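Just below is one structure, and these are the notes that go with it.
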Amino acid sequence: MKSLIVKPGLLPSVIHVPPSKSYANRALILAALKPEKFVIHNLPEASDVTFLVKAFKQIGLNLSLENGVATVLNSFPACEIPNGAIIEIGEGGTTARFLASLLVRGSEPYVLVLGRRLKDRPWDEFIKLVQKLGGKAELSGDKLFLQGPIQIPKTLEVDCSQTTQFASGFKLALAFCDTEIIPLNLLSSESYWAMTNAQIDQFKSKHDFIVPMDWSSASYPLAFGALKQAIFFPHLMADPFQADSKFVSVLNQLGCIQQAPDGIRVKPTGIMKAFDLDVADCLDLVPTLAFFLAHLDGSHLLRQVNNLAHKESDRLQEVIKLLGHFGFKAISEGPNLRIEGSSSHFSAPVDLELPDDHRMVMTGALFLRYHQGGSISPASAVQKSYPDFFKLFSV
């Protein structure tokens, strides 16, 4: 699915969002390390997760998957297959970085074939740490060559200035060892680091895990609903470990969101205000926030957006360009992004050719639906996190 026509209109009044890929990939790594049977319920179909499931089978893990229930019957590295494997891993940061941290616990050679954008995202910290621990890691073009086993340290300091995913990767891979992972320069994504620690604590005494609903996926229709229509999200509950759930605090200030016993309800209130938000801990939320704030009268400031450049695209520049397509002004001010909001509507259809970045494509689709429609490509980018996203646009 390269290009898709999006018509103007509304979204469904009831939306079931998919489970969280962030929780799912952490759960899969931890399940792979437990020698006893482990069951994961509600596993999402996002490609970031399916790539990891396929990789597990390549490295010898006995994993079955049926109706969203994954059962892991053996453990790594005891399950290793001689001569390792060459594994295509796509564009998922957690997928590749968590898996790479797991693989260097083994003794066989592995090659991860990285996606076009992923190969250019930060890897130096991981390579340095693997080599420090006596393993081998080398990035050549789109291939990451790995050879363990690494030595198990008592403590390991991990620089988090560009990403927390290496700290989380080693924390997960060494979860059942007596190792303290010390995150340095933890300037962003603290919620994801907290999620890693909380999941490890749960897994130490559990034999199964239910993946919660995904706030990242929910943020797109939540933003649309808060501006234009009432929507109910069954089974979506507040979650301090999902960074994008911080959108709730924004919507609360406008009085347009309600936590019900069976889910979340959102509706427009017509209240306008200017926002000044530090988004260092929820960078993935920035495209959604940009869409939302662009339609609220006022001058809005998103602080600490630097690391957006290290995502599936340079999201800072892509957000600025996307807003410009619809007549909105967004300016980069050092580490911050200023958005001049307006409740006026853009009056002509727009044809969007966006980077292969799921979050930019989903945000672009919101703009088209809210205004006068148009076409969007590459529509297939949504497979990474929300495969059924465009079904929302069939109403």
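Descriptive notes on the structure:
- Which listed residue, of Phe292, Phe247, Phe328, is out of contact with any Lys or Arg (no Cβ under 7 Å at 6 or more places or on another chain), buried (at least 21 other Cβ atoms within 10 Å of the Cβ) and over 21 Å from Ser217 (Cβ atoms): Phe328
- Of the criteria (1) under 21 Å from Phe166 (Cβ atoms); (2) of a type in the set (A, V, I, L, M); (3) under 23 Å from the mean Cα position of the chain (by Cα), which one Val111 fails: (3)
- From the options Pro335, Pro387, residue that is surrounded by fewer than 23 Cβ atoms within 10 Å (Cβ to Cβ) and in contact with a Pro (Cβ under 9 Å, 6 or more places away or on another chain): Pro387
- Among residues of the stretch 250-276 being β-branched (Val, Ile, Thr), out of contact with any Phe, Trp or Tyr (no Cβ under 8 Å at 6 or more places or on another chain) and at pLDDT 90 or above, the one that is least open to solvent (accessible area, probe 1.4 Å) is Ile257.
- Within the stretch 172-194, residues that are on the phi > 0 side of the Ramachandran plot have Cβ atoms under 7 Å from residues that are in a loop (DSSP other than H, G, I, E, B) in these pairs: Asn185/Cys160; Asn185/Ser161; Ser189/Thr164; Ser189/Asp281, counting only partners at least 6 apart in sequence or on another chain.
- Considered as a group, the residues in the stretch 56-77 that are among the aliphatic types (A, V, I, L, M) and either touching a Phe, Trp or Tyr at 6+ places or on another chain (Cβ under 9 Å) or part of a loop (DSSP other than H, G, I, E, B) (or both) include one that is nearest to Pro18 (Cα to Cα), and that residue is Ala70.
- Condition check for Val53: surrounded by fewer than 24 Cβ atoms within 10 Å (Cβ to Cβ), at pLDDT 95 or above and part of a helix (DSSP H, G or I): yes
- Among the conditions (1) open to solvent by less than 20 Å² (accessible area, probe 1.4 Å); (2) at pLDDT 95 or above; (3) in contact with a helix residue (DSSP H, G or I) (Cβ under 8 Å, 6 or more places away or on another chain), Val305 misses just one, which is (2).
- Single residue of the stretch 216-244 satisfying the filter (under 21 Å from the mean Cα position of the chain (by Cα) and small (Gly, Ala, Ser)) that is surrounded by the fewest Cβ atoms within 10 Å (Cβ to Cβ): Ala238
- Consider the stretch 5-42 and keep the residues that are assigned to a helix (DSSP H, G or I) and among the basic types (Lys, Arg). The one that is least open to solvent (accessible area, probe 1.4 Å) is Arg26.
- Every test in (1) farther than 16 Å from Cys282 by Cβ; (2) in a helix (DSSP H, G or I); (3) not aliphatic (A, V, I, L, M) is passed by Phe292 save one, and that test is (1).
- Scanning the stretch 80-96 for residues that are of a type outside the set (A, V, I, L, M) and open to solvent by less than 20 Å² (accessible area, probe 1.4 Å) returns Gly84, Gly90, Gly92, Gly93, Thr94, Thr95.
The values are calculated or read from the model by the stated rules, or taken from the named source; none is laboratory data. The structure presented is a predicted model; accordingly, all values stated were derived computationally and were not measured. Note that we place each Cβ from the backbone using ideal geometry, even for glycine, and neighbour counts take in every protein chain shown. The area values use the complete protein model at the heavy-atom level, side chains included, leaving out ligands, DNA and RNA. Shrake-Rupley method; radii C 1.70, N 1.55, O 1.52, S 1.80 Å.
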